[in-house]
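Below is one structure, written out as structure tokens; comments come after it.
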Amino acid sequence: MNSKGKILWIDDEIELLRAHIILLQQRGYSVETASNGEDAIELYRTNHYDLTFLDESMIGISGLDTLPLLKEIDPSTPVVMVTKNEAESVMEDAIGKKIDDYLTKPVNPAQILAACKKYLESERISQNKITQDYIQGLGVINSRLNETLYWDDWLDIYQKLVNWSIELDKYPQIGFQQTLQDQFREFNSAFSKFVEDNYHDWIFNEKDEFTPTLSPGIVEKHLVPFLKSGKPVFFIVIDCMRIDQWLMMEELLRPFYTFKKDYYSAILPTATPYARNAIFAGLFPQDIQKHYPQYWVNELNTEETKLNAFEKELLDEQLKRKKIDLRTPLNYIKIHDTDFGKKIENDIGKYTKSHLTAIVINAVDMIAHSRSDYAILKEIAPDESAYRSLTQSWFQHSSIFGMLKTISENKDIKVVITTDHGSIRCMRGIKVIGDKDTSTNLRYKFGKNVKAEERYAVQIKDPTELRLPKLGLTVNNIIAKEDYYFVYPTDYHYFLQRYRDSFQHGGISMEEMIVPVIEMDPR
């Protein structure tokens, strides 16, 4: 029988613990003993142990003095101190010297077994639990594909898939990654059909009970109630942030904030010029063009940086329409680069007295697009799991995290964080036909007679059907479904390969359309 783990128990009264040792051996653990610190150090030099129990009060070298020497030889082995001494100072000394756990004598068998399971079997136990939960849960949500599903159903399904993804990140050896990827693809196929069948009703019947909150409704639902209270509000829009990426950020923010989470549907196309302008204006793109033509920039033949050049003005106009009188002028900050972000982080204190500060962060969108262009980023983040990890690493060292930590020191401030859309990992390229003036996006196209096969993309001959502006009499739109991306016939195989396995947005998928909005209060 294979041992469940190799344990070293160090105690100068080791014979008094013989019953515990026999119990552990009967439960499948291998146990060696030492009666003093010197012998334990010699054993550490020639053996590897998976867990160590260490007495604090011993003849010769004390347990507290032995501990750092053991950690120096093998820092990976957990050490649990087992002692009669209940003094708080001993506990603090042990914690300061990197003790992993602390038990007070007399210990009972349940305490010892619990420690062994925690440090030697927790991974196996957790693996078995996640495997069981995943298989059972998958069966449940698969059966739901045969039912009539509404927005709330899709929100529930997507959240479950995201949570499983994050849980399975911890146990890659289980081997469910491909299964989960296949499930995302199957559900995105059904979700795309759901959106095709219902999106028109959503955008023309916004007050219907089955209609999700859409991009134009974010400010009214999540910002206006707090602005009416008169307290300082920070409204932060992180471009291209998916639910799983937010959860990585939330983990780091938990010591500083409490959260109230909601979700909404980004409008189509799920792209910054449309979805983010809709948030700040509180209007669909067609209505922005109609009522504020001076602030609407047509996408065709226009630099991308200019397409969202009037977000401050659009937000000002929306607040006026909603009769919100700010007691201080609106602050609007767009962070494109690290140096400017650090400057705002250093100055963030002066904004905490303002009624409303809106901040746009482009870093996540830049990570998504840069991954296509730089091989090193694709090597760092080769899959969804690593992409989440990359997002968390960026956020941990970002200026916005520094800002949020500073803001959390003021208990009267409300923070609302959201995004304009998510992104999807595009794995399947399809041919698209269009002229030289067709827009360059990989997930949606505007152009003269632009077209692709209908099973891969939604063809929109009249943009006003989606409450989008008309760009010309012969200009029509196509929007990619699922994880497809558009490739022109010219140099088809080159661009097919170049953009395969890249994170894109603009189309119809759960990852792009189902996005979070979070209300945060400092702890």
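Laboratory data are not the source of any read-out in this text; all were calculated from the coordinates shown. As the structure is a prediction and not an experimental result, all values here were calculated from the model. When we count neighbours, we look across all protein chains shown, and the Cβ atoms used for this are built from the backbone with ideal geometry, even at glycine.
If R0 is taken as 35 Å, the Cβ-Cβ distance between residue 182 and residue 220 corresponds to a FRET efficiency of 0.35.
What FRET efficiency would be calculated for the residue pair residue 393, residue 461, taking the C-beta separation as r and a Förster radius of 35 Å, to the nearest 0.05? Write down the numbers at each step before the final one.
Working: r = 44 Å, r/R0 = 1.26.
Efficiency at R0 = 35 Å is approximately 0.20.
Here the simple spin-label model places points 7 Å from the Cα toward Cβ, and for residue 27 and residue 436 these points are separated by 7.6 nm. Pairs exceeding 23 Å between alpha-carbon atoms, taken from 193/431; 221/414; 117/260; 228/290; 170/414; 323/470: 117/260; 228/290; 170/414; 323/470.
Counting every pair of alpha carbons in the chain, the share spaced more than 33 Å apart comes to 52 percent. Per residue, the convex hull around the alpha carbon atoms of the range 52-97 comes to 68 Å³.
If you take the beta carbon distance between residue 229 and residue 204 as r and set R0 to 45 Å, what does 1/(1 + (r/R0)^6) give as a FRET efficiency, to the nearest 0.05? Each step should come with its number before you reach the end.
Values: r = 33 Å, r/R0 = 0.72.
Taking R0 as 45 Å, the efficiency between residue 229 and residue 204 is 0.85.
Among residues other than residue 405 with Cβ under 13 Å from its Cβ, the summed charge is 0 (Lys and Arg +1, Asp and Glu -1). A simple spin-label model places pseudo-atoms 7 Å from Cα toward Cβ; at residue 171 and residue 135 they are separated by 1.1 nm.
Using only alpha-carbon positions, what ratio does the radius of gyration of the range 406-523 give when scaled by 2.2 N^0.38 Å?
On the way: Rg = 18.4 Å, N = 118, 2.2 N^0.38 = 13.5 Å.
This ratio for the range 406-523 stands at 1.36.
Angle of helix 338-347 to the longest C-alpha principal axis of the chain, folded into 0 to 90 degrees and rounded to 10: 80°.
So, counting K/R as plus one and D/E as minus one, what does the shell of residues with Cβ under 15 Å around residue 130 add up to? Intermediate values should be presented prior to the final figure.
Numbers: positive: 124, 129, 160, 170; negative: 121, 123, 133, 167, 169.
For residues surrounding residue 130, the net value is -1.
Label reach from residue 86 (point 7 Å along Cα→C-beta): in the range 97-133, amide nitrogens under 15 Å belong to 103-108. Label separation (residue 313 vs residue 261): 3.8 nm, computed from points 7 Å beyond Cα along the C-beta direction.
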